[in-house]
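To start, the structure under review is shown below, and the notes come after it.
The values are calculated or read from the model by the stated rules, or taken from the named source; none is laboratory data. Everything numeric here is computed off the predicted structure, so don't read it as measured data. So basically every Cβ, Gly included, is an ideal-geometry build from the backbone, and we count neighbours across all protein chains shown.
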């Protein structure tokens, strides 16, 4: 049925089934020699490589460094984007002043800044964090601005009619109304941070998941490269589930109809 909810058990089963189909298709492609084993190793070889990287290598440290890079840059982007996005979605003057600048930067590919970031910030953590920041912040500002515009005008007009000041309306009406969607926007853009991670970590880096994958490329260790891709996918899924959980915890009133 269209838009009819299903049970949590059914939802989990459907979610697991797509992965079963994916790995089965992958395994069958290997068994029937439909792929080059050097370029597409079987799933069990990838899992073995991942185990070896964790047990015999320093991969857990690389994973931790990558997580810190994503979280640090993303928090910085949120500190800038959340207040700017709300202000631009609330006040037409702020939007008219800032949106041409934000929109222009939104269309610039973040990897294009790698050479100049290296010249400005050297080869340490600076250019990596800056690249992840640039790749997210302008899109996040626009999303939050658009969500802020969607706050019902009736709520704002009623508050003003009752004598509330613009500052009070902003803090007691607009901000609480838009916060659930701000968390959704953050969840959406955190995925983009993970997509830029490998690009950021090939910038004069010896640590992180991306650096491990680049080392593996030199020796044609495709299983290790795919193990890195698998880890990024798992981490992205875990962070996505974390944001979904946070949304339910902080804005549980939005889910009352599901209970």
- Message: Suppose the filter is part of a helix (DSSP H, G or I), assigned by TED's automatic domain parsing to the domain that holds residue 240 and farther than 23 Å from residue 111 by Cβ; does residue 172 pass it?
- Response: yes
- May I ask you to list the residues in the stretch 111-142 that are touching a residue at least 60 places away in the same chain (Cβ under 8 Å) and either under 19 Å from residue 208 (Cα atoms) or part of a loop (DSSP other than H, G, I, E, B) (or both)? 111, 114, 117, 118, 123, 127, 128, 129, 131, 132, 133, 135
- Within the stretch 54-78, how many residues are over 23 Å from the mean Cα position of the chain (by Cα) and either surrounded by 23 or more Cβ atoms within 10 Å (Cβ to Cβ) or not in a helix (DSSP H, G or I) (or both)? 3
- Among residues of the stretch 26-37 being surrounded by 10 or more Cβ atoms within 10 Å (Cβ to Cβ) and more than 19 Å from residue 227 (Cβ to Cβ), the residue farthest from the chain's Cα centre (by Cα) is 34
- Among the residues of the stretch 107-136, write down those that are out of contact with any helix residue (DSSP H, G or I) (no Cβ under 7 Å at 6 or more places or on another chain) and crowded, with 16+ Cβ neighbours inside 10 Å. 125
- Message: Looking at the stretch 184-225 only, could you name the residues that are assigned to a loop (DSSP other than H, G, I, E, B) and touching a residue at least 24 places away in the same chain (Cβ under 8 Å)?
- Response: 203, 204, 205, 207, 208, 220, 221
- Given (1) surrounded by 13 or more Cβ atoms within 10 Å (Cβ to Cβ); (2) under 30 Å from residue 146 (Cα atoms), number of the condition residue 104 does not satisfy: (1)
- Item | Selection within the stretch 11-57 - touching a residue at least 60 places away in the same chain (Cβ under 8 Å) and more than 21 Å from residue 232 (Cα to Cα) | 38
- Query: Is it the case that residue 251 is surrounded by fewer than 20 Cβ atoms within 10 Å (Cβ to Cβ) and within 25 Å of residue 40 (Cα to Cα)?
  - Reply: no
